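The values are calculated or read from the model by the stated rules, or taken from the named source; none is laboratory data. Keep in mind that this is a model prediction, so the values were computed, not measured. All Cβ positions, even for glycine, are placed from backbone atoms using ideal geometry, and neighbour counts span all protein chains on display.
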Amino acid sequence: MHKVLERSEGSLDINIINNNLQKLYQSGCCKILNPNSYNDNVELVLINTAGGITCNDKINIKVSIENSNLSICTQAAEKIYSGFGDPANMDINLNLNNSNLFWLPKELILFDNSKLNRKININLLGNSNLVFCESVILGRTAMSEKIKNINFSDNWKVYINSSLKHFEAINLIGSFNDNYKNNFTFANNSSLSTIMIFGKIIYQLEPELKKIIKNIDNHYCEMTTFDDKIIIRSLAKDNYDLKKTVNFIMKNIIHDKLPKSWNL
């Protein structure tokens, strides 16, 4: 007898104007906390009450901010578990108008046989700045986890005044071993982090970032600046080393704007 497996669905729709929360819609497994903040940024903490994501789950997040300063973090690492069925879908849409956004979720942890399609679309209007940090862990080395098979699609698009400014994608389908060992891809590293910075803030941060990156020599971390954006890539053997590096970079460039829940 065919059984329909229980799946999670969740939605968030948030609107912030002049640093005041104007709209908060939450449904299903998606919840949000708005802790007290003693700096200039509004802080939001995203929570998935399902405890993780598996096949056929659906997550939709929409955030619109105007004339505001916002930091967004997650309560914990988002775990993508193995399952039966089609890949889970996660759609994230972020819209900024004359605002500053620090998108700082904790790491995405992928398990063997996990399936996920994720899309992140960001639109910056007016005099907006974005500091975006995403980390992906392909099996935790401390837990002796190995990724043999995976289905992971991750697409990011960044628009400035509705014109496409940046696009990148990761597509890993099937055996991961070739990508893991290849020196042109992961080079035996299992943890990847990307920091992207857009807006006029790049001219303020670039000189300091160059000094910071030069002090990271225990594993791969490089920065490039082109087309009015800064991209920083980090690769590490395990999650802990990667988090130490990302923590070091972020604390030095945005200081007190880090959310309370941002820690090792």
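Computed quantities for the displayed model
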| item | result |
| --- | --- |
| In segment 16-55, the residues that are closer than 26 Å to N117 by Cβ and among the polar types (S, T, N, Q) | Q26, S27, N48, T49, T54 |
| Residue in segment 67-74 that is part of a strand (DSSP E or B) and more than 25 Å from L258 (Cβ to Cβ) present | no |
| Among residues of segment 28-66, those that are out of contact with any helix residue (DSSP H, G or I) (no Cβ under 8 Å at 6 or more places or on another chain) and outside any strand (DSSP E or B), counted | 14 |
| Matching residues, segment 96-119, being over 16 Å from G83 (Cα atoms), hydrophobic (A, V, I, L, M, F, W, C) and in contact (Cβ under 8 Å) with a residue 40 or more places away in the chain | F102, L104 |
| Filter result for N89 (touching a Pro at 6+ places or on another chain (Cβ under 6 Å), more than 19 Å from I17 (Cα to Cα) and free of Cβ contacts under 8 Å to residues at least 40 places away in the same chain) | no |
| Tally of residues being in contact with a Phe, Trp or Tyr (Cβ under 8 Å, 6 or more places away or on another chain) and part of a loop (DSSP other than H, G, I, E, B) across segment 75-86 | 1 |
| Test: S8 is modelled with pLDDT under 95 and surrounded by 12 or more Cβ atoms within 10 Å (Cβ to Cβ) | yes |
| Top-ranked residue in segment 21-75 [being more than 15 Å from N89 (Cα to Cα) and of a type in the set (D, E); ranked as surrounded by the most Cβ atoms within 10 Å (Cβ to Cβ)] | E43 |
| Within segment 143-261, strands (runs of 3 or more DSSP E) holding 3 or more residues that are surrounded by 17 or more Cβ atoms within 10 Å (Cβ to Cβ), at pLDDT 85 or above and among the aliphatic types (A, V, I, L, M) | 149-160, 191-198, 229-236 |
| Long-range neighbours under 7 Å by Cβ, at least six apart or interchain, first residue over 25 Å from F198 (Cβ atoms) within segment 213-240, second at pLDDT 90 or above and of a type in the set (G, A, S) | none |
